[in-house]
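The values are calculated or read from the model by the stated rules, or taken from the named source; none is laboratory data. These numbers were taken from a predicted model, which means no experiment stands behind them. Here the Cβ positions follow ideal geometry from the backbone for every residue, glycine too, while neighbour counts run over all protein chains shown.
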Amino acid sequence: MTFRGTPKGPGAGSMQALYAQLLVGLINGSFYALLSLGLAVIFGMLNIINFAHGALYMMGAFVAYFLLNLGGINYWWALLLAPIIVGIFGMILERTMLKFLTGLDHLYGLLLTFGIALIVQGVFQNYFGSSGLPYAIPDQLKGGMNLGFMFLPIYRGWVVVFSLVVCLATWFLIEKTQLGAYLRAATENPTLVRAFGINVPRMITLTYGLGVGLAALAGVLSAPINQVRPLMGADLIIVVFAVVVIGGMGSIMGSIITGFALGVIEGLTKYFYPEASNTVVFVLMVLVLLVKPTGLTGRAA
Amino acid sequence: MTTLTDDTLPATPRAVRDEMIVFVIMALLLASVPFTGVYPFFVMQALCFALLACAFNLLIGYGGLLSFGHAMFLGTAGYCSAHALKVWALPPELGILVGVVAAFGLSIITGYISIRRQGIYFSMITLALSQLLYFIYLQAPFTHGEDGIQGIPQGRMFGVLDLSKPTILYYVVLVGFLAGFLLIFRIINSPFGEVLKSIRENEQRAISLGYRTDQYKFLAFVLSGTLAGFAGSLKVFVAQNASLTDVHWSMSGEVVLMTLVGGLGTIFGPVVGAFVIIAMQQYLAGFGQWVTVIQGSIFVFCVLAFRRGVIGEIAHYFRRSL
């Protein structure tokens with residue numbers, strides 16, 4: 001739902017259009033996966049649904065824009081620096097505000113981060129209005145290749161592959177490494193993990209930074225496709241919430257698969273019944289809730 | 001985990017009497033507005049939002065359910081009333097009825113879906129459902145998309161009350177607000193309301209006591225949604241239009257903000273909150289998007305340092321429930 005552009009290939013026929021929409025779906029799915037993954041990681045540690053996630057995704061895109069236009073720093077560095085800068089911003093938010101919500105009802109976290117989202121989006125809207133700023137595709141990823149059955153713009157292929165790699169790396173980090181084991185243990189029982197001498201508050205801060213960094217990374221990836229707009233994350237985050245409700249936040253892999261799958265379904269809807277492409281994720285959410293209220297992979301909340 | 005509200009005082013006859021006294025003072029103050037020279041349009045608008053916030057508060061303050069999609073009831077009732085008044089040329093009282101019935105039907109459907117999950121999932125589901133409706137209304141022909149339904153005739157209520165006269169309209173809106181408010185007040189102090197509060201405090205215990213908590217939550221949801229719809233129908237007469245802003249998620253956020261500022265789970269808090277936020281929007285209208293920034297800052301401030309809200313703090317100070 002974030003963009004409707006279809007790449008024009010030679011002799012764009014009906015199947016061409018279908019493949020093109022599938023690719024668009026995969027790209028949106030990449031963003032859903034990166035964002036819902038971040039939400040799940042943050043929820044696991046902080047018990048907060050980060051409403052500011054969409055605003056921080058937008059910040060990622062803007063930081064990339066500033067780096068290029070003010071500092072002359074290219075896309076590749078932005079891909080590394082923007083998540084770090086926005087991640088640090090997120091960690092400051094955690095240290096100065098979210099930290100104080102420990103022990104309160106979960107809903108306060110939602111309200112606080114909603115407020116943060118309003119502030120961030122409002123500030124950017126004041127300076128940049130509501131229109132989009134262009135961000136050029138880096139030279140190395142310009143052009144496309146003919147795959148025989150379709151024309152693939154290289155940048156779009158790159159977004160899908162790179163997002164998938166980042167998602168899997170995050171999954172590996174959390175499920176397979178020592179650090180991830182600490183993290184999962186702290187999610188289950190923070191007091192006990194502290195007793196083992198592990199600095200849990202610092203881990204919480206870093207986890208929030210990681211989740212926010214993933215959102216910012218998605219923002220950088222989307223900048224050349226969707227343009228850079230202050231409200232680019234505002235509607236997206238609501239779709240991602242629906243994705244999270246469908247997939248449940250119990251499993252990292254579940255978030256990744258659900259994200260990509262819903263993107264593809266949305267892409268197919270755009271081809272077969274475009275009128276419903278804005279709503280299909282929400283309709284699916286309703287269906288899942290009616291059939292399996294706990295979500296596809298989730299535990300009861 | 002601490003609960004959302006600080007309301008641990010029981011609804012004793014004395015507490016109810018105190019609340020009734022405050023209610024009468026509020027009603028008298030509001031009834032005297034047309035004689036004070038205060039801009040009645042502003043107060044009418046605030047009253048509609050106050051009723052909406054009170055309906056929302058019924059769910060969060062007494063049922064512990066944070067709906068992030070209450071704009072869908074406001075907007076749906078608004079659109080349906082507006083359509084009934086303008087296209088079907090129904091009289092005002094039937095126009096309101098159409099809107100309220102629409103909100104009632106919508107709250108049955110959305111309530112059935114959303115109370116399947118609790119806590120933040122409930123909030124996310126209500127938000128997603130209202131976004132679904134937003135897109136439907138964006139495309140549906142009868143809402144006129146981005147333009148909205150404009151120039152809605154106000155008509156004569158019951159054939160005698162000419163709603164195009166500001167003073168008459170004001171008192172009609174006031175009576176509607178007070179009726180809705182009293183109904184919510186009655187619900188909160190009913191046995192049903194007591195069970196609802198027990199679910200908010202400890203759902204597992206309420207279940208073990210034999211209450212079918214899902215049915216209570218569902219009924220609370222339907223009551224809240226229908227009353228929110230009533231607020232939306234009244235608002236049509238004040239604003240004389242129905243547009244997409246009323247269904248947008250930012251509207252749902254504003255309702256949450258009003259209730260938070262006034263005090264979650266307090267009876268009079270949402271009214272105070274609605275007046276504060278509407279007044280703020282009125283005075284800061286020239287500052288563009290800074291209003292959003294200020295609203296966000298109020299959210300942050302309230303959550304971090306002012307969780308009881310205006311009325312909650314006053315009630316806490318006097319050790320009364322208000």
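Structural remarks
- Scope the range B:109-126; condition assigned to a helix (DSSP H, G or I), among the hydrophobic types (A, V, I, L, M, F, W, C) and more than 7 Å from chain A (Cβ to nearest Cβ); matching residues: B:ILE109, B:PHE122
- Of the helices (runs of 4 or more DSSP H) lying entirely inside the range A:153-228, those containing at least 3 residues that are of a type in the set (D, E, K, R) are A:154-176.
Results for (1) more than 30 Å from A:LEU70 (Cβ to Cβ); (2) more than 9 Å from every other protein chain (Cβ to nearest Cβ), shown as yes or no for each residue.
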residue	(1), (2)
A:ARG95	no, yes
A:GLY109	yes, no
A:ILE119	no, no
A:SER131	no, yes
A:TYR135	no, yes
A:LEU141	no, yes
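- Whichever residue in the range A:229-262 is at the interface with another protein chain (Cβ under 10 Å from one of its Cβ atoms) and part of a loop (DSSP other than H, G, I, E, B) and, among such residues, is modelled with the highest pLDDT: A:PRO230
- Test result for A:GLY148, more than 19 Å from the chain's Cα centre (by Cα) and either touching a residue at least 40 places away in the same chain (Cβ under 8 Å) or loosely packed, with under 14 Cβ neighbours inside 10 Å (or both): yes
- Among residues of the range B:272-322, those that are more than 13 Å from chain A (Cβ to nearest Cβ) and in contact with a His (Cβ under 9 Å, 6 or more places away or on another chain), counted: 0
- Taking every residue in the range A:177-200 that is farther than 16 Å from A:ILE42 by Cβ and free of Cβ contacts under 8 Å to residues at least 24 places away in the same chain and pairing it with any residue that is among the aromatic types (Phe, Trp, Tyr) and surrounded by 11 or more Cβ atoms within 10 Å (Cβ to Cβ), at least 6 positions away or on another chain, the pairs with Cβ-Cβ distances below 9 Å are A:VAL193/A:TYR182; A:PHE196/A:TYR182; A:ILE198/A:TYR182.
- Looking across B:LEU106, B:LEU129, one residue alone is modelled with pLDDT of 95 or more, under 22 Å from the mean Cα position of the chain (by Cα) and facing chain A (nearest Cβ under 9 Å). It is B:LEU129.
- Condition met for A:ALA186 (surrounded by fewer than 24 Cβ atoms within 10 Å (Cβ to Cβ) and more than 14 Å from chain B (Cβ to nearest Cβ)): yes
- If the condition is being touching a Phe, Trp or Tyr at 6+ places or on another chain (Cβ under 7 Å) and within 12 Å of another protein chain (Cβ to nearest Cβ), then the range B:132-152 contributes B:LEU132, B:TYR137.
Residue-by-condition table, conditions (1) touching a His at 6+ places or on another chain (Cβ under 7 Å); (2) within 13 Å of A:ALA33 (Cα to Cα); (3) crowded, with 17+ Cβ neighbours inside 10 Å:
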position	(1), (2), (3)
A:VAL239	no, yes, yes
A:GLY247	no, yes, yes
A:TYR273	no, no, no
A:PHE282	no, no, yes
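Let's see how each residue does on (1) polar (S, T, N, Q); (2) over 23 Å from A:GLY219 (Cα atoms); (3) surrounded by 17 or more Cβ atoms within 10 Å (Cβ to Cβ):
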{"position": "A:THR96", "(1), (2), (3)": "yes, yes, no"}
{"position": "A:GLN121", "(1), (2), (3)": "yes, no, yes"}
{"position": "A:GLY129", "(1), (2), (3)": "no, no, no"}
{"position": "A:VAL166", "(1), (2), (3)": "no, no, yes"}
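- Meets criteria (under 25 Å from B:LEU244 (Cβ atoms) and crowded, with 20+ Cβ neighbours inside 10 Å) for B:GLY105: no
- Restricting attention to the range B:202-249, the residues that are of a type outside the set (A, V, I, L, M, F, W, C) and either in a helix (DSSP H, G or I) or crowded, with 23+ Cβ neighbours inside 10 Å (or both) add up to 18.
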